[in-house]
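Only the coordinates and a few stated rules stand behind these numbers; no lab work does. These numbers come from a predicted model, not from an experiment. All Cβ positions, glycine included, derive from the backbone under ideal geometry; neighbour counts span all protein chains shown.
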Amino acid sequence: MSRARTATRPDEPLLSVRDLSVRFGLRGQESFAAVDEVSFDINPGQHLAIVGESGSGKSVTALAVMGLLPSRGVQVSGEVLYRGTDLLTCDRRAMSRLRGSEIAMVFQDPMTSLNPVVTIGRQVAEVVQRHLKVSRSEAFERGVDLLTRVGIPDAGRRMKEYPHQLSGGMRQRVLIAIGLACEPKLLIADEPTTALDVTIQAQVLEVLKELVADTDAALLMITHDLGVVAGLCDDVRVMYSGRIVESADRDRLFAEPRHPYTGGLLRSIPRLDSPRGQRLTPIPGSPTQTIPWEQGCAFAPRCAHRADQCTDSAPPLEQSEGRALRCFHPLTGAASQQEAP
Amino acid sequence: MSDPLVQVRDLEVHFPIRRGLLFSREVGAVRAVDGVSLDIDAGSTLGLVGESGCGKSTLGRAMLRLAPVTRGSVRFDGTDVAGLSGERLRSMRQNMQMVFQDPMASLNPRQSVETILTEPLRAHGIPYDATRVRRLLDQVGLPASAARKYPHEFSGGQRQRIGIARAVALEPRFVIADEPVSALDVSIQAQVLNLLDDLQEELGLTYLVIAHDLAVVRHMADEVAVMYLGGIVEQAGADDLYASPTHPYTRSLMSAVPVPDPAVEASRERIILQGDLPSPANPPSGCTFHTRCPFRQESRCHDERPELREVFPGHRVACHWAEEISSGAIGPHEVALTDLEAD
Ligand SMILES: Nc1ncnc2c1ncn2[C@@H]1O[C@H](COP(=O)(O)OP(=O)(O)OP(=O)(O)O)[C@@H](O)[C@H]1O
Ligand SMILES: Nc1ncnc2c1ncn2[C@@H]1O[C@H](COP(=O)(O)OP(=O)(O)OP(=O)(O)O)[C@@H](O)[C@H]1O
Ligand code: SF4
Ligand code: SF4
Ligand SMILES: [Mg+2]
Ligand SMILES: [Mg+2]
């Protein structure tokens, strides 16, 4: 293979996002920050999860990293360093070369990212051909291999079909196959299984896990499902209303959530393995009840730990004991594990 | 014990598939519900789980006569719902209500909350006043001021509360909740589940809770039925079913649900199913699960449809090999991808 790879030092993060902010709103109008000073690193081979509810800014973060945000009415600031190169300022050609060779993305809705009038085979083979510089027939062969590898039965026949002829789960597997065809160093998966049934989700996650392990790719997994995070990721960033509110390694986060939102989420979801009939402890209010971060903590309207301070100023993101927290009155020790409702 | 409030017997809902424009003729049928029998005791909750397209909503709708029944019967409090018409159907409907999955789509955007909540009362000629509306709103945890607002002014969770208030407006005895929380954000699902719990207690409701999320169903239900391709494959008390799932489909379904606990995730055994749900227009022969079943045995699974039978007390399973699978005498094996395309 004759692909030029950008050089990297082993101790350097693969992707380093620094103070990324994305504001929507046309010039002259009031804009709002969908993503607000978000920072995180991904090391080679690391699996990082971004979790948060609808509208918290997860997809916008991913799109900003991929350079896929619309150019009008959007202001992006900060840095997205991929092996030292800032993707926000590098030229479009360099960006599109990276995209699909070193960085790949799988979206929630496979229908929007597959071309409906082109056969699956051509769409897979095209990517293979472009990145591996092989002949058309060889690309087709490799395409069949790839589809078989992601668990698509009778891949040779499927190659000749169109996206609408495949089930949702199969389409998502095709996308994963395309995403991984060029053996990227970083795969960004935005809710890749949210639209799928549980048994199909399990298939797709298994395929994803295997392929990512085989190719040593780093994974940025975007999801609202803490169960998926628990099975797949090493590190977690929890977003609320555009900002990271808690950041910790997986075991720490699940064993001892410290941010009231994280703790609330973990306590409110019904679990397959919890005693039945136990009353759930919901988070009051809804994600639409929020205050701008400039005025205080966006979670304050729903937070049981709220104090006056929380609506006077915004809590900063502070590092302590291997995690980062944006909260004036975090849950402590025992309280974070089994807090009385 | 008294008779179950709801009794479903051999229920079938087949949607005809037609071809041809002028002289359209039937070329087959989607067997959305294909021979379902169920009992629901008064005051209890039956949970119905299964994957997309297995027929859960159609079953629920057929029970309320919102989908055409091809064969079989639905008895409510002893009366066959299928035979009713006119006034008697209307008064029966007063007792059976539904909460829908998508609160936005099921509420008329041009009607105020007050109009939405009182419409069923007007339709049934029941007199009401402002107190009634206020009480309904209060029951679902909404302020009285909500009455004059419109659906778009509410969050998803609040809209679902409105949908629930509408369903209980007629003081029904039986409520079918079809995916009541799956359109809601994780952080507000618990509020709605707790509300359903409270209302059951307060109003003595009987529930059929339909969901694809096993954890949600487990939380709500006393009894759980698992559906695959139009048929019930396993039914048992909730604790029993979750402690000892027996049907291979139930087992794989359960093993597929991610648990938000890294230790559990690292240690559990997964049964990964191959392939997709076959089409209900052309279901596999014999056991409908045999194309994907990791426990399949030659050749009975392919040839003979298993009955839903009581394998352990109160625990019904539709599998020829339920006893052997349960005792471990038959273990899972690989399912080749090529098998899936056969038939
Ligand atoms: N192109 C756009 N123009 C204006 N606002 C946008 C645009 N894209 C996203 N937003 C807004 O930015 C915020 C964050 O959206 P984003 O899609 O990142 O949420 P998310 O966390 O991915 O949510 P979900 O779980 O629903 O996918 C939302 O308030 C959304 O409405
Ligand atoms: N009116 C109809 N005409 C023809 N086919 C139908 C009709 N309604 C449902 N079906 C088919 O019947 C089958 C069962 O559908 P149903 O909506 O009951 O499934 P479900 O279990 O509720 O799925 P989901 O979890 O996606 O809501 C599907 O194959 C569906 O396409
Ligand atoms: S800063 Fe205050 S309101 Fe915000 S999460 Fe922490 S305790 Fe709650
Ligand atoms: S009858 Fe056979 S194919 Fe069906 S579930 Fe049992 S073992 Fe599997
Ligand atoms: Mg998103
Ligand atoms: Mg349905």
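The packing ranking, built from the mean of other Cβ atoms within 10 Å per residue, places the peptides B:222-234, A:41-53 in the order B:222-234, A:41-53, highest first. Remark: chain B is approximated by an ellipsoid whose semi-axes, taken from the C-alpha gyration tensor as √(5λ), come to 37, 24, 19 Å, largest first.
Here chain A is treated as a Stokes sphere of Kirkwood radius computed over C-alpha pairs; at 4 °C and 1.567 mPa s its diffusion coefficient rounds to 61 µm²/s.
Report the relative contact order of chain A, percent, no decimals, based on alpha-carbon pairs under 8 angstrom and at least 6 residues apart.
It rounds to 18 percent for chain A.
Based on alpha-carbon centroids, what's the gap between region B:295-313 and region A:116-143 in Å, whole number please? Region B:295-313 and region A:116-143 have Cα centres separated by 44 Å. Per-residue shielding of B:270-277, expressed as the average number of other chain Cβ atoms within 10 Å of the residue Cβ, stands at 6. With a Förster radius of 45 Å applied to the C-beta separation of A:Asp308 and A:Asp251, the computed FRET efficiency comes to 0.85.
For region B:1-47, report the translational diffusion coefficient in µm²/s to the nearest whole number, using Stokes-Einstein at 37 °C, 0.692 mPa s, and a Kirkwood Rh over Cα pairs. Don't skip to the end; give the middle numbers.
Details: Rh = 13.2 Å.
Estimated diffusion coefficient is 248 µm²/s.
Summed over all non-identical Cα pairs, the Kirkwood treatment of region A:129-183 gives a radius of 11.4 Å. Across peptide A:288-298, the mean count of Cβ atoms from other chains lying within 10 Å of each residue's own Cβ comes to 1. Against the empirical curve 2.2 N^0.38 Å, the C-alpha radius of gyration of region A:154-233 lands at a ratio of 1.10.
In region B:245-342, Cα pairs under 8 Å separated by at least six residues give a relative contact order of 27 percent.
Only helices enter the 222 nm calculation for chain B: every DSSP H run of n ≥ 4 contributes -39,500 (n - 2.57), and dividing by all residues gives -9000 deg cm²/dmol, rounded to 500. Per residue, the average separation of C-alpha pairs within less than 8 Å and at least 6 apart gives chain B a relative contact order of 18 percent. For the pair region A:166-233 / region A:24-64, the C-alpha centres are spaced 20 Å from each other.
Mind running the shape call on the protein assembly as shown? Use the C-alpha gyration tensor, a ≥ b ≥ c as the square roots of the eigenvalues: rounded below 1.5 for a/c, prolate if a/b tops b/c, oblate otherwise.
Oblate is the answer for the protein assembly as shown, as a/c is 1.5 or above yet b/c matches or exceeds a/b.
Applying both filters, DSSP loop and at most 11 other Cβ atoms within 10 Å, to the trypsin sites (Lys or Arg not before Pro) of region A:28-109 gives A:Arg72. May I ask what percent, to the nearest 5, of DSSP beta bridges between residues of chain B are antiparallel? Taking every DSSP beta bridge with both residues in chain B, the antiparallel ones total about 60 percent.
Region B:17-41 to region B:173-246: how many Å between their Cα centroids? Each part reduced to its Cα centre gives a spacing of 26 Å. Every Cα-Cα pair in region B:250-324 was counted, and those over 21 Å apart are 40% of them.
Amide H contacts for B:Leu5 (H built 1.01 Å from N in the peptide plane; partners 5 or more residues away or on another chain; cut-off under 5 Å): B:Ile40, B:Asp41, B:Ala42.
Secondary structure note: in the protein assembly as shown, about 60% of the DSSP beta bridges are antiparallel. Going by how many other Cβ atoms sit within 10 Å of their own, how do B:Thr118, A:Thr148 line up, fewest first? In order of increasing Cβ crowding within 10 Å: A:Thr148, B:Thr118. Computed over neighbours whose Cβ is under 13 Å from that of A:Leu180, the net charge equals -1, Lys and Arg +1, Asp and Glu -1. Measuring between alpha carbons in the structure, the pairs from B:Lys56/B:Lys149; A:Lys209/B:Lys56; A:Lys58/B:Lys56; A:Lys160/A:Lys209 lying more than 29 angstrom apart are B:Lys56/B:Lys149; A:Lys209/B:Lys56; A:Lys58/B:Lys56. Name the shape class, rounded, prolate or oblate, that the alpha-carbon gyration tensor gives for region B:107-210, where a ≥ b ≥ c are the square roots of its eigenvalues, rounded holds for a/c under 1.5, and otherwise prolate holds if a/b is larger than b/c and oblate otherwise. Cα axes put region B:107-210 in the oblate bin.
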